[in-house]
């Protein structure tokens, strides 16, 4: 009787239960914002199939370096002013979790709250009641079709985030994004945009030049990959929009951000071994394309109880770019890992070097043994995950640790 029950799309079936337990006050999820004042903090939300985590972390890092107090919420946990406050399992918590974390950020005098926004969270209205200072779109490609059923539904849900009048920053090179142009800003490598990349190079990291209303600016980073040019452009543009600080001052602190653990992370230089979270056909393509000048040894699998149709597509991408392919287990969950591998192999036709090893540990070992000075070993799919999910059990397993142990 001393609690307030917030009725949401997920829990409305328990409303009568709550009343029977003596609950006197019932409010709708849409009314929650009228009971908690969040107006003193600016919320930045990032959505997209790939790049959410890196873009969010880069914005957080740049804002901290510019002297702001900032909170970051997403796949890697909840951080306030450079301290990890909580570990997370969900990219975006449930509605009350969001409100609660934003309050904690306000109690720590944060100017900004940077959050990853998943398609599940948009569809389930977990972000209801939040007023965003800026909404950011990275890209929309195939993912989560185990939940959304069709690619059209997934695209529509992502696009619905950009339908209102709030400020938004859009990747103009994405062919399927639709948005309300009011208060719209854009960044790009190809199409005309507010923040337009003119040139970039990848010698010892990356160097990027871009224009903003005719003026040229540039930044450097130790990070690699064209997708990271997009991620860092999104971060630089976003910080400029929300702070109105000098663009050159923003560019100067970009190189302090070294990237995110498990995202295009170099684990060893000799042999050259990289771990990345890429677990979709498009994500894999972005990573593999970045090493077209190398002999690629690609180790990957696909998650169980998830979109089956993406598996042969992932195989196809690996076959297009990799010299050697090692297909292994990812998080099989309740599926037979051998059957998941069979699905992947359907997309790999007439390739000269394919090894199947269901044991991820020995698959990684084989890849490293094959490496020479011209090759790069790409271990994809799990990023910085510290466990492997088999049935409903999580067993300790880290790609990075296995690589280091073997090397």
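The values are calculated or read from the model by the stated rules, or taken from the named source; none is laboratory data. Note that this is a predicted model, so its numbers are computed, not measured. Every residue, glycine among them, receives a Cβ derived from its backbone with ideal geometry; neighbour counts consider all protein chains shown.
List of remarks:
- Filter pass, residue 207 being more than 22 Å from the chain's Cα centre (by Cα), modelled with pLDDT of 95 or more, within 17 Å of residue 290 (Cα to Cα) and in the same structural domain as residue 48 (by TED's automatic domain parsing): yes
This table checks each residue for (1) modelled with pLDDT under 95; (2) touching a strand residue (DSSP E or B) at 6+ places or on another chain (Cβ under 8 Å); (3) assigned to a strand (DSSP E or B).
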{"residue": "37", "(1), (2), (3)": "yes, no, no"}
{"residue": "43", "(1), (2), (3)": "no, yes, yes"}
{"residue": "50", "(1), (2), (3)": "yes, no, no"}
{"residue": "56", "(1), (2), (3)": "no, yes, no"}
{"residue": "59", "(1), (2), (3)": "no, yes, no"}
{"residue": "62", "(1), (2), (3)": "no, no, no"}
{"residue": "68", "(1), (2), (3)": "no, yes, no"}
{"residue": "71", "(1), (2), (3)": "no, yes, yes"}
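- Taking the listed residues 384, 343, the one that is at pLDDT below 95, crowded, with 16+ Cβ neighbours inside 10 Å and over 17 Å from residue 285 (Cβ atoms) is 384, with no other qualifying.
- Taken together, 151, 157, 122, 140 contain a single residue that is in the same structural domain as residue 43 (by TED's automatic domain parsing), at pLDDT below 95 and surrounded by fewer than 19 Cβ atoms within 10 Å (Cβ to Cβ), which is 151.
- Residue 300 within 26 Å of residue 331 (Cβ to Cβ), buried (at least 16 other Cβ atoms within 10 Å of the Cβ) and either touching a helix residue (DSSP H, G or I) at 6+ places or on another chain (Cβ under 7 Å) or outside the structural domain of residue 110 (by TED's automatic domain parsing) (or both): yes
- Considering the range 199-298, the qualifying helices (runs of 4 or more DSSP H), each wholly inside and each with 2 or more residues that are closer than 21 Å to residue 174 by Cβ, run over 226-243, 281-289.
- When residue 287 is tested against the conditions (1) surrounded by fewer than 21 Cβ atoms within 10 Å (Cβ to Cβ); (2) in contact (Cβ under 8 Å) with a residue 12 or more places away in the chain; (3) under 23 Å from residue 374 (Cα atoms), the lone failure is (1).
- Selection status of residue 200, closer than 25 Å to residue 131 by Cα, surrounded by 15 or more Cβ atoms within 10 Å (Cβ to Cβ) and touching a helix residue (DSSP H, G or I) at 6+ places or on another chain (Cβ under 7 Å): no
- Checked against (1) closer than 15 Å to residue 48 by Cβ; (2) assigned by TED's automatic domain parsing to the domain that holds residue 110, residue 260 passes all but a single condition, namely (2).
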